[in-house]
1. Of the residues Lys87, Lys27, which single one is part of a loop (DSSP other than H, G, I, E, B), within 15 Å of the chain's Cα centre (by Cα) and without any contact (Cβ under 8 Å) to a residue 12 or more places away in the chain?
2. Are any residues in region 55-84 assigned to a helix (DSSP H, G or I) and open to solvent by 30 Å² or more (accessible area, probe 1.4 Å), and if so, which ones?
3. Among (1) of a type outside the set (S, T, N, Q); (2) without any contact (Cβ under 8 Å) to a residue 40 or more places away in the chain; (3) not in a helix (DSSP H, G or I), there is one condition Phe96 misses while meeting the rest; what is its number?
4. So Pro48 passes all but one of these: (1) more than 15 Å from Ile19 (Cα to Cα); (2) surrounded by fewer than 14 Cβ atoms within 10 Å (Cβ to Cβ); (3) at pLDDT 95 or above. Which condition number does it fail?
5. Kindly establish whether Thr93 is within 16 Å of the chain's Cα centre (by Cα), open to solvent by less than 90 Å² (accessible area, probe 1.4 Å) and either farther than 20 Å from Leu29 by Cα or of a type in the set (Lys, Arg) (or both).
Amino acid sequence: MEIIFNNQTPIYLQIVDEIKKQIISGKLLVGTRIPSVRELAIKYQVNPNTMQKALSELENEGLLFTERTNGKFVTTNEKIIETTKAKFAKEITEKFIFEMTTLGITKKEIIERLK
C-alpha cells in the first residue's frame, strides 16, 4: 500500500491516521495480529523507527496492544474504537465546514449541498 505523504504533518502521524482508518472501518479486525514493524515499514516505504513511533502512538491511544512474544494486535475494546471513530468523524466534519465557509459557503448552503 502506498500513501502519498504531505509535508505539513509528520510522517508517523500520517501513518497513525491511516492505520486508525483501517481499524475504525473494520479493515483491520478487532483482536487480529498486525504485521511486524519491519513488514509495515516496507509496506509504507518508511524507516522502521518511523513505523515504531507510529505503532507506539497507536498503543498509547489504546488501539493496539502488545503480547510479549506474539506481536501487536488490534484492540478488542469496541468502546475505544467507537470513541476514536466519533473523534475522527468530528475532526473531518469540522475541517470540511471550515473549508466550505472559507469559500464563502454558508452553513445553510452546506446542508443543502449535503442533501
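The values are calculated or read from the model by the stated rules, or taken from the named source; none is laboratory data. All values derive from a computational prediction rather than experimental measurement. Counting neighbours? That spans all protein chains shown, and the Cβs are built from the backbone with ideal geometry, glycine included. These accessible areas exclude ligands, DNA and RNA; they are computed on the full protein's heavy atoms, side chains included. Shrake-Rupley method; radii C 1.70, N 1.55, O 1.52, S 1.80 Å.
1. Details: Lys87 fails: part of a loop (DSSP other than H, G, I, E, B).
After applying the criteria, what remains is Lys27.
2. Ser56, Glu57, Glu59, Asn60, Glu78, Lys79, Ile80, Glu82, Thr83
3. Unmet for Phe96, out of (1) of a type outside the set (S, T, N, Q); (2) without any contact (Cβ under 8 Å) to a residue 40 or more places away in the chain; (3) not in a helix (DSSP H, G or I): (3).
4. (2)
5. Judged against the criteria, Thr93 is a match.
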